[in-house]
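In what follows, a structure is listed as structure tokens, so that the remarks can point back to it.
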Amino acid sequence: MPHRPPVRDPDAPRRVTLLELFFDLVYVVALALISRNLVVGLDWAKAGEALILLAAVWWTWAITTLVTDMYDPERTEIKLLICAVMFGALLMTTAIPEAFGARGIVFAGTYVAIHLGRGLFLMPAVRHEPQTQKRAARIFIWFAVSAVPWIIGGLVEGPGRMICWVIALAIDYIGFRLAYPVPGLGVVPTAQRNVTAEHLSERYQQFFIIALGDCILTVGTMFSLKHSELKNIGSFAVAFATTLLLWRIYVHKSGELLPVAIATSRSPSRFLNTAPYTHLLMVAGVVTTAAGFDLVLHETTGRTSPAWVAVILGGPALFLVGRAAFEYEVFSRVSPSRPGGLLALLTIAPGVMFLHPVYTSFGAMLVLAGVAVADARRSWGRPPEAPAPPH
């Protein structure tokens, strides 16, 4: 009997494996380090660095998730691949605090090794399936191109590193969006970009929970009674309630119906093309919110500086932008509460600069509570809304 390539059986169940959940543990640490670094010497440069690091870390997870959707994670070869990527992702994570300092080449080199190593592993593994091998080759070529600015950025210092890494990320993200076109090979065919609702939707939901874990980790580790006990307990309660509201707003209808929306779509690849970007926005919002908790739980006196306002209110705002795009993915419309929440955050921003940080955080929580209440009122007593019809 010839050796069977490690591709998924179309008729096999695609439930998430325990190894995939184990793989996710690395990203709990990665997100926590990114949110902590954001508030150290907070300025626009720090915000840009945090976004670049998050986009890179997210891309290692998103592409690995697609691999486990398209290939059989129960096969020994794919298990070894996941473990190797996990090792690389952990090494990347250790470099996060100094990624824009002395360990830039470690971060960039590991990122490149993960993506190029995966391609070098998969291409011979699927050599008996020419179309699958061509798909792996197209992806490998695009990552080989982006490897150049990644490595150059790791070797240079200052603004040059940020510029090189932005270019590299643009290549990686645009290549995915365009289905990895390569001269002579064309793009990845639509049939090879279709995904399974059960597996992919569950994986995105799980990563969002991991991001919320960063908020919980911040609340649990940064809570202190060194200052006024009442104000610290108040900050603790506001942070927890905000985390709970982020979860509620995410899962309300769109999060619950994502598997159905993918399954009933005539073009599941449409969700493959958009889900990584919408979830990146939401995860970025949650990570920024966790950074805001770090600020509030450390300082409950004085006024809120503009930079702190940008973090404390910007996190929920970024989440709502991603959530609106996510809702459009599923229902092909956006609830008024999304832009309404953004407008409310912008409205309170000037005023909260005269208040203590805890009150700024409380204002953000009230806005999210308003969005959650609007969601509940819209669906109260009505039959469950169906996803948008296939198109």
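The values are calculated or read from the model by the stated rules, or taken from the named source; none is laboratory data. Everything numeric in this text was worked out from a predicted model, so none of it was measured. In this analysis, Cβ positions are derived from the backbone assuming ideal geometry, glycine residues included, and neighbour counts consider all displayed protein chains. The area values use the complete protein model at the heavy-atom level, side chains included, leaving out ligands, DNA and RNA. Shrake-Rupley method; radii C 1.70, N 1.55, O 1.52, S 1.80 Å.
If you put +1 on each Lys and Arg Cβ and -1 on each Asp and Glu Cβ, how big is the dipole of the chain around its Cα centre, in Debye rounded to 20?
The dipole magnitude comes to about 600 debye.
Give me the distance in nm between label points sitting 7 Å out from Cα along the Cα-to-Cβ direction at R177 and S332, one decimal.
Roughly 2.2 nm, to one decimal.
If I fit a long axis through the Cα atoms of helix 76-95 and take the longest principal axis of the Cα atoms of the chain, what angle between them do I get, 0 to 90°, rounded to 10?
Helix 76-95 sits at roughly 40 degrees to that axis.
May I ask for the distance between the Cα centers of the range 45-83 and the range 126-158, given as a whole number of Å?
14
Just the accessible area for H298, please: 1.4 Å probe, Å², rounded to the nearest 10?
We get 90 Å² for H298.
Counting only helical runs of four or more DSSP H residues, what would the 222 nm mean residue ellipticity of the chain come to if each run contributes -39,500 (n - 2.57) and the total is spread over all its residues?
Dividing the helical sum by the residues of the chain leaves -25500 deg cm²/dmol.
Please build a GNM for the chain, connecting alpha carbons under 10 Å apart, and tell me which residue among R377, R103, R177 fluctuates the most.
R377
Put +1 on the Cβ of each Lys and Arg and -1 on the Cβ of each Asp and Glu in the chain; which of P97, L342, Y27 then has its Cα farthest toward the positive end of the dipole?
With unit charges placed on the Cβ atoms, the residue in question is L342.
How much length is gained if the chain between R377 and A84 is pulled fully straight, taking 0.36 nm per residue apart and subtracting their Cα-Cα distance, in nm to one decimal? Working shown, then result.
Working: separation 293, 0.36 × 293 = 105.48 nm, distance 4.71 nm.
Full-extension gain reported as 100.8 nm.
Report, in degrees rounded to the nearest 10, the 0 to 90 angle that the Cα long axis of helix 159-177 makes with the longest principal axis of the chain.
Between the helix axis and the principal axis of the chain, the angle is about 60 degrees.
I want to verify a result. In a Gaussian network model of the chain, Cα cutoff 10 Å, which of these has the top mean-square fluctuation: G220, G119, G322?
Between G220, G119, G322, it is G220 that shows the largest mean-square fluctuation.
From largest accessible area down, sort R193, R135, R248; use a 1.4 Å probe on the protein chains. Let's see the in-between values first.
Numbers: R193 40, R135 20, R248 95 Å².
The ordering from most to least exposed comes out as R248, R193, R135.
GNM on the chain, C-alpha springs below 10 Å: top fluctuator among T289, T347, T132?
Of the options given, T347 has the highest mean-square fluctuation.
Just to be sure I follow: if Rg is taken over the C-alpha atoms of the range 67-131 and Rh is the Kirkwood radius over the same atoms, what is Rg/Rh?
1.09
For helix 18-38, report the angle its Cα long axis makes with the longest principal axis of the Cα atoms of the chain; keep it between 0 and 90° and round to the nearest 10°.
40
With just the Cα atoms of the range 287-351, tell me how far they stretch along each of the three principal axes, in Å, largest first.
44, 23, 14
Working with all protein chains in place, sort C215, C83 by solvent-accessible area computed with a 1.4 Å probe, largest first. Don't skip to the answer; put the middle values down first.
Values: C215 0, C83 65 Å².
Putting C215, C83 in descending order of accessible area: C83, C215.
What percent does the relative contact order of the chain come to when contacts are Cα pairs within less than 8 Å and at least six residues apart?
16
So between A170 and A144, what do we pick up on full extension, going 0.36 nm a residue minus the alpha carbon distance?
8.0 nm
With every protein chain left in place, what is the accessible area of K134 in Å² (1.4 Å probe, nearest 10)?
Approximately 80 Å² for this residue.
Taking the Cα atoms of the range 118-164 alone, what are Rg (to one decimal) and Dmax (as a whole number) in Å?
Gyration radius and largest Cα-Cα distance of the range 118-164: 14.8, 46 Å.
Using just the Cα positions, wrap the chain in a convex hull and report its mean projected area in square nanometres, one decimal place.
Reported value for the Cα convex hull: 20.2 nm².
Pop the C-beta distance of R248 and T76 into the FRET formula with R0 = 41 Å and round what comes out to the nearest 0.05.
0.50
I need the P(r) histogram for the range 1-137: all alpha carbon pairs, bin width 10 Å from 0 out to the longest distance, whole percents.
11, 39, 29, 15, 5, 1, 0
Could you report the accessible area of M70 in Å², rounded to 10, computed with a 1.4 Å probe on the protein chains as they sit in the structure?
So the heavy atoms of M70 present about 40 Å² to solvent.
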